[in-house]
Amino acid sequence: MKTFRNFIKDEFDLEMPEGDIPGSWFSENGLPMIVACICCGMTMAAPWCLLDSNGYTYCGTCAGEE
């Protein structure tokens with residue numbers, strides 16, 4: 001599992017800004033701002049999700065992270 005930050009860095013060679021990220025940054029880069037966990041359906045801000053090698057999103061609980 002990778003963090004959103006690491007996933008977009010590895011897959012798109014894109015650096016996510018630090019701190020408060022404006023919503024326009026996501027749309028300018030063609031990235032979702034809100035995602036849903038593939039297991040439980042919980043929605044979250046994309047920077048909080050974890051992604052598997054196929055790009056599927058998970059919340060920390062379903063990914064086994066606390």
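Each reported figure results from applying straightforward, stated rules to the coordinates on display, with no laboratory input. Predicted model, so just to flag it, every value in this text is computed and none were measured. Note that we place each Cβ from the backbone using ideal geometry, even for glycine, and neighbour counts take in every protein chain shown.
Among T3, T57, sorting on how many other beta-carbon atoms sit within 10 Å of each Cβ, with the fewest leading, yields T3, T57. Calculated FRET efficiency, K9 to T43, Cβ-Cβ distance, R0 = 35 Å: about 0.90 to the nearest 0.05.
In terms of its alpha-carbon gyration tensor, the stretch 1-57 comes out oblate; a/c meets the 1.5 threshold, while b/c is at least as large as a/b. Each of I38, L14, S53 was scored by the projection of its Cα onto the charge dipole of the chain, and the greatest displacement toward the positive side belongs to I38; charges sit on the C-beta of Lys, Arg, Asp and Glu. Dividing the summed -39500 (n - 2.57) terms of all DSSP H runs of n ≥ 4 by the residue count of the chain sets its mean residue ellipticity at 222 nm at -6000 deg cm²/dmol. For the chain, a crude dipole built from +1 on the beta carbon of Lys and Arg and -1 on the beta carbon of Asp and Glu, taken about the Cα centre, is about 180 debye to the nearest 20. Across the chain, the mean sequence separation of Cα contacts (distance under 8 Å, 6 or more residues apart), normalised by length, yields a relative contact order of 33 percent. Applying the Karplus relation 6.51 cos²θ - 1.76 cosθ + 1.60 with θ = phi - 60° to the stretch 16-28 yields 3J(HN,Hα) values of 7, x, 7, x, 5, 9, x, x, 4, 4, 5, 5, 4 Hz, where x marks Gly and Pro.
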